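Working notes for the structure below.
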Amino acid sequence: TGVQTCALPILWAALSAYVRRINADMNLSQAFIAEAAAASPQIRGIYEQAIERFESGLLQWLKSLPTQRQDLNVSPVRIALVMNALKGYIVSTVRAGQVIDESQVQEIYNFILASFDLEMMATR
């Protein structure tokens, strides 16, 4: 369907680009992502803006899905749960100094799809 040829590659590309940026400079990632909570108010603000952009992109992607998905649960609670799970995983991985590989990107991708009951769209 059009969803499988349009919407899913956008999500995959966004996740892949985000992870490539994290992996490109682990020192910067550790300072900016893993230690943002303990940083200055200015750094915390920049970090929160980045998270808000990530969340906004996720919401835009979800809204781009076909209208037949009227059963899609995009409640504020579900969005908050997904975002906090993603932040927690990324922060703990970066804090441990681990590179996020493609299999982990696939797990993140699958998690997002499952969180919104979109697993049937998972063929990419």
- [ ] Could you tell me which residue of the range 16-54 is surrounded by the fewest Cβ atoms within 10 Å (Cβ to Cβ), considering only residues that are under 13 Å from K87 (Cα atoms) and aliphatic (A, V, I, L, M)?
- [x] A37
TODO: Given the conditions (1) among the small types (G, A, S); (2) in contact (Cβ under 8 Å) with a residue 12 or more places away in the chain; (3) assigned to a helix (DSSP H, G or I), report the number of the one that S103 does not fulfil.
DONE: (2)
Task: The lone exception for I100 - which of (1) over 16 Å from Y18 (Cβ atoms); (2) touching a helix residue (DSSP H, G or I) at 6+ places or on another chain (Cβ under 9 Å) it fails - done: (1)
- [ ] Would you check if Q42 is more than 24 Å from M120 (Cα to Cα), modelled with pLDDT of 85 or more, in a helix (DSSP H, G or I) and out of contact with any strand residue (DSSP E or B) (no Cβ under 6 Å at 6 or more places or on another chain)?
- [x] yes
Open item on the list: Tell me whether the range 66-74 contains one or more residues that are farther than 19 Å from I22 by Cα, open to solvent by 50 Å² or more (accessible area, probe 1.4 Å) and of a type in the set (S, T, Y).
Closed with: yes
Task: Out of L62, L118, sole residue that is under 14 Å from the mean Cα position of the chain (by Cα) and at pLDDT below 90 - done: L62
- [ ] For L62, indicate whether it is touching a residue at least 24 places away in the same chain (Cβ under 8 Å), out of contact with any His (no Cβ under 9 Å at 6 or more places or on another chain), surrounded by 11 or more Cβ atoms within 10 Å (Cβ to Cβ) and of a type outside the set (V, I, T).
- [x] yes
Task: Close pairs (6 angstrom Cβ cut-off, 6 or more residues apart or separate chains): surrounded by 11 or more Cβ atoms within 10 Å (Cβ to Cβ) in the range 77-88, at pLDDT below 95 anywhere - done: V82/S115; M83/E55
Task: Residue identified as of a type in the set (V, I, T), at pLDDT 95 or above and out of contact with any strand residue (DSSP E or B) (no Cβ under 6 Å at 6 or more places or on another chain) among V94, V82 - done: V82
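The values are calculated or read from the model by the stated rules, or taken from the named source; none is laboratory data. Just so it is clear, the model here is predicted, and its values are computed rather than measured. Methodologically, a virtual Cβ is constructed for each residue, glycine included, from the backbone with ideal geometry; neighbour enumeration extends over all protein chains shown. Note: accessible area is taken over every heavy atom of the protein model, side chains too, but ligands, DNA and RNA are not part of it. Shrake-Rupley method; radii C 1.70, N 1.55, O 1.52, S 1.80 Å.
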